[in-house]
Each structure stands twice: as structure tokens, then as C-alpha cells.
Amino acid sequence: MPTCSQPKCPIASTGVCLEGHTRGCPHLVADTAVRTEVAVEGDIVPPIPASTPEPFRFHSGEKLTAFEVSRILSAKPAAMILLAGAQKAGKTTFLARIGEMFRNGTVESYRFAGSKTLCAFERVTWLATIASGSGQPDTERTYRSEKDTFFHIQVQPIAESRQRADILITDLPGEIFPAVLSTKEVCDEQLAVARADHLVFFIDCGSVVDSAKRHSERDGACRFLSQMQKCRHRSDNLEVTVVFSRWDKIAASETRQEHEDYCGVIEDDITRRFSSGFRGLRFERISARPDPGMPQTDAEIQAIFGRWLNKIPSLPMTTASRTPKPARDFCAFGLP
Amino acid sequence: MSISYESGILLVGLPETGKTNFLVGLDVILDDQVDPNGLVHSEHADDRAYLEPLRAQWLRGEKLDHTSRMASPPPHHLLVRHPATGTEAAFHIPDLAGESFDSQFVTRAFPNDFGFRIAAARGLIVFLHCCHEADHALFEHPHFIDAEAAAKAASPASAKVPDWSIELASKQVKVVDLLQFVAELRAAPLRVAVVISAWDLVENAPAGLLPKGPATFLSKQWPLLAQYLESNRDVYPFRTFGVSARGGGTSDEEIERLTKLVHARDRVILVDGDHRSNDLTRPVRWLLGLHEFPEL
């Protein structure tokens, strides 16, 4: 009977492996028995040396593919979060900051319970570490090729230590953002657009303080939200948080009040146009990696994180499994 | 020769975290146990070729030879008895080099034999060194950074900054991911004893610099690991111990101090909550489920 290097693969008992193969699966362990065969003429064929036993292989630690996410969603409920905004609006830095807060133990209401993408979290923080030798904090941007890839984190509410909740987060590469705004087809292609439970849209305050850029920034936000309403089958089940990111750019500005007022105008405009179209609409002001002397906004980031968990039915630790007929994974989008 | 994996305690830890010192110190304590509730050797294993030279080094107070990854020693066979209950047990404790665990994290795989040992293990001892930084320091406190030097330093845009590679992952991420690997292989819960080694350094640190209790130390200094274990108690029932298996440093003065103690066992420090002794078998008893027996 074949065996598999993948943990919990049922092939030995059912004959069908975790991925549906009966034979030919790359994870199957080679038969190590030494065989001696006698040829027709009676010559003894030399024994085939036993092959090295296959090692047990595990998750890569990098961002999950749509297929891997689909498997998670088939197994248990999870919140899916889409981060969107123009290039350099701070999406990845925001995500990096969440990972850093769990690693330094400053998240107040939740405990880290696991992650399939610890390496990916480390990668996005690397340029903000002294060890990187970068000289000043920075964040590596998300490339176009990373579209439809996901960070994963599992947390446990400190107040509910019998529960765990899974979160899948994808950041829309800034390079794609203009195409998503201009073409519905491109927007439709983004898997998370249709499936997300929460959208965090980033308005870059670095652009808001620049009078030549601020109108485009506002226009981009409204057009993206409008595009989301068009591309989703239902938008009234989507929670939206609009984040004024890199808030330290406004806080440090000599004309701070003017920019704050403009943010107020954006807020009013978005509220007027979209509040009835989504399940919820909130606004936050954050600086995930503030300039020297500027205050941290970890509490605001944690508030956003907490809202992601409000609506998912977190399961007791011992019964975290799902129906064999998943309704919320990517099956509907043509994935296995 | 067939190897039974049925009774195994695995020592897991990154390089230089005190695994071999613990193993040798444990061997010494098993021969010279003064705690009536502690474990003792029921007999010595037939093959002590790996342990004897290390034990001699340990007794002389010398720094132990580094465990080679290329020539991993055979699992040490430990035959123990718990006089308080009459329980006898035999274990295989492989002393793998820390680099092996580093390699497992990098390659995202366990060698086949290690995987089977994990699946059948009775308990896991996870080693952390009290002086190791769990995470990379961030540019979070710019007022502590020399502004002039920072300005002179090349910016990421203009200079070649090394890309992140998996070898550069922080220590606590490596340990947590290894535990996640282990959890994938296990069908049943696995007891974990977290050993914070070189505990003498923590005890001698100035007041307020480091938490003085092992459990608090873990939660403050290794928060990701502590939270992972705490939220996965159903998978990993765990307990944290502060251990100094050699009892001090490796300077000439320290070696002289250690070797002048009348009993070699007195070098050993073990802290478990409010309990303080030199009984290195205590973490093993916890893994065996014998710890709950009342102290005599």
C-alpha cells in the first residue's frame, strides 16, 4: 500500500490521496523494499537499491496561492480581507505592522495562534529591521506577480480562549490599481474582490498634502468603491474601512488644518455616496511606520484588525472543520 | 537492528541553545539524585560511547564540543526509574545539532526518520537561550539612532540592501514554524517543556532588566512563541523551566568556581515557578506526567 509524505493523507486507508490521486501523486513515498528479480534466462538481476525515504514536507511559509486558500476555506470559515489603494499608499506596511505587533506581543485583545505565512510576514518587515542594513525603515512593495496571493494568520481572542479564527489577507498590487479602476474586467479577475468580507482602502496622505495629487487620490477612492459595487454579486455584505494612511505626513505639515479639513471633505463625500451600499463604512487615520517624533497608531491598526474578526463564526478548537460542500471558497470561480 | 520509536523524548532547539549541556547534566543528576521525587538511573545503557567523553568534559567544567550536524550521534538510551511510584521507563533521546533544526526550517521538511520520531514522541523539550534575541530589532525608536550615522548610511533606494532570505528569519519565527510542522504530524497532543537555558545569567542580571520567572520570561522575551503555545494548549500542553545545566560561564574563574563545588550536581540550576532545585529530571517528569505526584 502506498504511503504519503503529506501529513494526515488518507491514501493508506482509502486508496485516494489528499489531492484526489490514486497514483502518480508527487507526494507518494517510493517503495523502499529491495527487489530481486530473476530474468527469463535465469540471470540474476542486481537488486535495485532502496531509495532514500521521502522527507515530510510542510507549508512554504510564503504567501498562499488561491488553491491553498481554497483548501483552507473548504475546511473552515475564515475572514478574507482585501487591502487596496494606489502604489505606495502603505498597504504592505500596514500588513507588516500587524505581523510586527504579534511578534513583539503588543496586540491587546488577541493571541497569535498560528500562521502558514510566517516567512511572508518576515519578508515584508525585513527592510524595517536594523539587521537588514537598510539605514532607514522601508517596505518592499507588492509586485504584480503577487496578485491573488494571501497572508494567513490564526488568532485566539483573549477573552474567549476556547475559540480560534482564521484571517486571509491579500493586498492588491499598486501596479494593478489603475487597471482595476479603468476596466471592470480586470477588477472581476481579482479573486478577492468577489469573495472579500472586508475591504480596507488606503488613501495616501502623502498625496493628500500635495494639492496637485489630492484630487486624484479622492477620485481614485470613489471610483474603486464604485467598481467594487459593480463587480460584486452583493456589496451589502462587505465591510469597508477607508484608511487615511501615512497620517504623519498631515500631522507634520505646516498647513495641517487645511489637510485635515480636506480629509473631512473626502469622508463626507464617501459617506454620502457609499454608506448605504456596504454593510459598514468606517474611517481611520493611521501611520503604520511614522516618521521620527510622530505618534504610533498601533491602537487604530488593532481596531481595524478587531473588526475583521467581528463577523466570522469562530469555531471551538476541537471542532474546527467544515462541511464537505463548501459554499464560500473559490470553487465558484473555477478553481478546484 | 530495529529502532523503536515508541518511547522518545526529543530535544529541539536552534544552535547554541544548551541541548547537549542539558543531556549531560541530566545524566549526572540521574546518578546523583537527592530529590526523593526525582528520577534516577535504573541502569546505564549498554552504549555510552557518545555521552561518556562529554560527561568527562562537563565534570571538568569545560565547554562541551559542538554537536556535529554531519555526524549526528545515535539517540542516547536512557533507562530511568521513579522511586516515588516505582515507575520505570526507557527513552531514546537523540541529541541533534541545532543546525539540523535550522535546516529543517529552511528546507521546510523533516527527514523521514525524524518525522516518525516526532509522530511517536512522548514529549518535546524546546530549548531557548536566554541571551538570544527572539526577533530582529526594528527602526522603531529613531531618537535612539545616531541621526548623523543614519543620514550617512545609504538609503534603500541608492544602495544594495540584501534581500530577505529564509535563513534570515528571526529565531522565534523559526521555532514557531517548527512547532507548526510538528503539529501537522501529530494526531495526539504532545507535552512540551520549554527550557530557557543559561538561566544563571538571568538570575545574575540587574534587577528589572529581565523577568526573573521562566513563564514571564517566555511571554515577555518570546511573545510570538508564548502566544502560540498558550493558544494551542490543546495540542501542546506546556510548562516553562529556567535551566542552567552547567551552572555558569566558561571563563577560567567560572570553571574554577564550578569545579570547587563539592558536588557536581550543585552546579545545576532548575527553576520552575517558585520551585528552585538542581533536579534536571523535573522537566522529564512533567513530560511523563509524573510531575503531578505530590512531593514527598
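The values are calculated or read from the model by the stated rules, or taken from the named source; none is laboratory data. Every value quoted in this text rests on a predicted model; they were computed, and no experiment measured them. Every residue, glycine among them, receives a Cβ derived from its backbone with ideal geometry; neighbour counts consider all protein chains shown.
Here are a few things to note about the model shown:
- Pairing residues of region A:120-148 that are closer than 16 Å to A:Phe94 by Cβ and modelled with pLDDT of 75 or more with residues that are β-branched (Val, Ile, Thr) and surrounded by fewer than 21 Cβ atoms within 10 Å (Cβ to Cβ), at Cβ distances under 8 Å and at least 6 apart in sequence or on separate chains, gives A:Leu127/B:Val161.
- Residue match in region A:247-263 (condition: among the small types (Gly, Ala, Ser), assigned by TED's automatic domain parsing to the domain that holds A:Ala89, closer than 27 Å to A:Gly306 by Cβ and more than 27 Å from the chain's Cα centre (by Cα)): yes
- Within region A:281-336, the only residue that satisfies the criterion of being at pLDDT 55 or above and on the phi > 0 side of the Ramachandran plot is A:Gly293.
- Condition check for A:Pro53: more than 8 Å from every other protein chain (Cβ to nearest Cβ) and more than 13 Å from A:Ile169 (Cα to Cα): no
- Apart from one condition, B:Ala188 fits all of (1) buried (at least 22 other Cβ atoms within 10 Å of the Cβ); (2) farther than 22 Å from A:Ile158 by Cα; the exception is (1).
- Looking across region A:79-108, the residues that are aliphatic (A, V, I, L, M), more than 12 Å from chain B (Cβ to nearest Cβ) and under 18 Å from A:Asp204 (Cα atoms) come down to A:Leu82, A:Leu83, A:Ala84, A:Ala86, A:Ala89, A:Leu95.
- Only one of A:Arg285, A:Arg289 that is out of contact with any strand residue (DSSP E or B) (no Cβ under 8 Å at 6 or more places or on another chain), over 16 Å from A:Gln229 (Cβ atoms) and surrounded by 14 or more Cβ atoms within 10 Å (Cβ to Cβ): A:Arg289
- Checking each residue in region B:210-240 for being within 9 Å of another protein chain (Cβ to nearest Cβ) and surrounded by fewer than 17 Cβ atoms within 10 Å (Cβ to Cβ) picks out B:Lys220, B:Arg233, B:Asp234.
- Those strands (runs of 3 or more DSSP E) of region B:48-132 in which at least 1 residues are modelled with pLDDT under 90 and either touching a helix residue (DSSP H, G or I) at 6+ places or on another chain (Cβ under 9 Å) or surrounded by fewer than 20 Cβ atoms within 10 Å (Cβ to Cβ) (or both), considering only elements entirely within it, cover B:76-82, B:87-93.
- Complete set of residues in region B:169-182 that are of a type outside the set (S, T, N, Q), at the interface with another protein chain (Cβ under 7 Å from one of its Cβ atoms) and part of a helix (DSSP H, G or I): B:Val173, B:Val176, B:Asp177, B:Phe181
- Qualifying residue in region A:286-293 (condition: in contact (Cβ under 8 Å) with a residue 12 or more places away in the chain, farther than 24 Å from A:Gly306 by Cα, assigned by TED's automatic domain parsing to the domain that holds A:Arg214 and not small (Gly, Ala, Ser)): yes
- Region B:98-130 - residue that is under 19 Å from the mean Cα position of the chain (by Cα) and without any contact (Cβ under 8 Å) to a residue 40 or more places away in the chain and, of those, nearest to the other protein chains (Cβ to nearest Cβ): B:Phe114
- With respect to (1) more than 14 Å from every other protein chain (Cβ to nearest Cβ); (2) out of contact with any helix residue (DSSP H, G or I) (no Cβ under 7 Å at 6 or more places or on another chain); (3) small (Gly, Ala, Ser), the lone exception for B:Ala188 is condition (1).
- The residues of region B:188-200 that are more than 15 Å from the chain's Cα centre (by Cα) and either touching a residue at least 40 places away in the same chain (Cβ under 8 Å) or under 26 Å from B:Thr20 (Cβ atoms) (or both), listed by number, are B:Pro189, B:Leu190.
- Within the set B:Leu201, B:Leu290, the sole residue that is away from chain A (no Cβ under 14 Å), among the aliphatic types (A, V, I, L, M) and not in a helix (DSSP H, G or I) turns out to be B:Leu290.
- Test: residue in region B:276-291 that is hydrophobic (A, V, I, L, M, F, W, C), in contact (Cβ under 8 Å) with a residue 24 or more places away in the chain and under 29 Å from A:Val107 (Cα atoms): no
Condition check ((1) touching a helix residue (DSSP H, G or I) at 6+ places or on another chain (Cβ under 8 Å); (2) more than 28 Å from B:Ala226 (Cα to Cα)) across all residues:
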| residue | (1), (2) |
| --- | --- |
| A:Ser134 | yes, yes |
| A:Arg144 | no, yes |
| A:His152 | yes, no |
| A:Ala159 | no, no |
| A:Asp166 | yes, no |
| A:Ile169 | yes, no |
| A:Phe177 | yes, yes |
| A:Val186 | yes, yes |
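- Where B:Glu254 falls short, out of the listed (1) among the charged types (D, E, K, R); (2) assigned to a loop (DSSP other than H, G, I, E, B); (3) over 19 Å from B:Val182 (Cα atoms): (2)
- Filter pass, A:Leu82 being under 30 Å from B:Val106 (Cα atoms), in a strand (DSSP E or B), at pLDDT 55 or above and not acidic (Asp, Glu): yes
- Counted residues, region B:194-209 - those being closer than 11 Å to B:Thr240 by Cα and either surrounded by fewer than 15 Cβ atoms within 10 Å (Cβ to Cβ) or touching a Lys or Arg at 6+ places or on another chain (Cβ under 8 Å) (or both): 1
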